[in-house]
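Enquirer: If you scroll down you'll find the structure; I have some questions about it.
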Amino acid sequence: MIDFQLEQQELGRAKNAVQDHLIHKLLFPKIYLDADWNGTKIDVLAIDREGSGDAHVVRIIAAEPHLVPPQLGHELTMVSSNEEFDRYLEELKAVPAHYRYLAALIAGSKSKDYYAASRFQQAALAEDGVGRIGLLFLDLAGGDSAVKPIIKAERFRSTPRVVELVDCFVAANQANWEIRE
């Protein structure tokens with residue numbers, strides 16, 4: 001039971017860290033935790049411009065750093081198998097959203113430099129090159145949490161379906177965080 005609580009607390013802290021990162025990155029976002037977005041569980045969903053702008057979806061995953069030559073820092077790879085890694089990327093590519101992110105939760109040090117495995121860098125791109133899944137490094141070590149972008153997300157193509165999803169979701173759900181006047 002204690003282990004489960006610690007995992008839940010760690011995941012909750014990770015969601016708060018991502019939420020704080022998006023609050024400072026976006027213009028007046030509405031943020032939803034544990035959102036059911038078009039049938040997909042999203043750890044953090046942010047909709048820019050008071051809920052009328054771009055949809056940003058974030059999936060939090062466990063990762064671990066692997067030492068590589070010191071001048072290159074630490075390469076981020078998945079704790080689990082490559083098949084699971086591929087599944088996470090394919091699932092995110094299928095999510096109808098403007099921006100998509102994997103947030104790698106790592107028990108480590110904020111002082112280390114991390115970079116994405118070359119395999120991730122290539123797999124994160126949309127097939128037509130319009131859009132790239134972003135990679136965030138989450139460090140919960142110590143009293144403060146930190147979010148460091150490793151790969152900047154690039155906007156995927158918009159469709160009328162994404163715009164409709166945004167409008168319907170905002171109308172039907174209470175945000176966990178939003179600007180209130």
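Just so it is clear, none of the values below were taken in a lab; they were calculated from the coordinates. These numbers come from a predicted model, not from an experiment. In this analysis, Cβ positions are derived from the backbone assuming ideal geometry, glycine residues included, and neighbour counts consider all displayed protein chains.
Enquirer: Suppose the chain between ASN176 and LYS93 were pulled fully straight at 0.36 nm per residue; how much longer would it get relative to their current alpha carbon spacing?
Expert: In short, 27.4 nm is gained.
Enquirer: I've got another one for you. What FRET efficiency, computed as 1/(1 + (r/R0)^6) with R0 = 35 Å and r the Cβ-Cβ distance, is obtained for THR40 and ASP144, rounded to the nearest 0.05?
Expert: 0.70
Enquirer: Taking a 19 Å limit on the Cα-Cα distance, which of the listed pairs LYS15/LYS41; LYS30/LYS93; LYS93/LYS152; LYS25/LYS148; LYS30/LYS148; LYS15/LYS148 fall beyond it?
Expert: Distance filter (> 19 Å) returns LYS30/LYS93; LYS30/LYS148.
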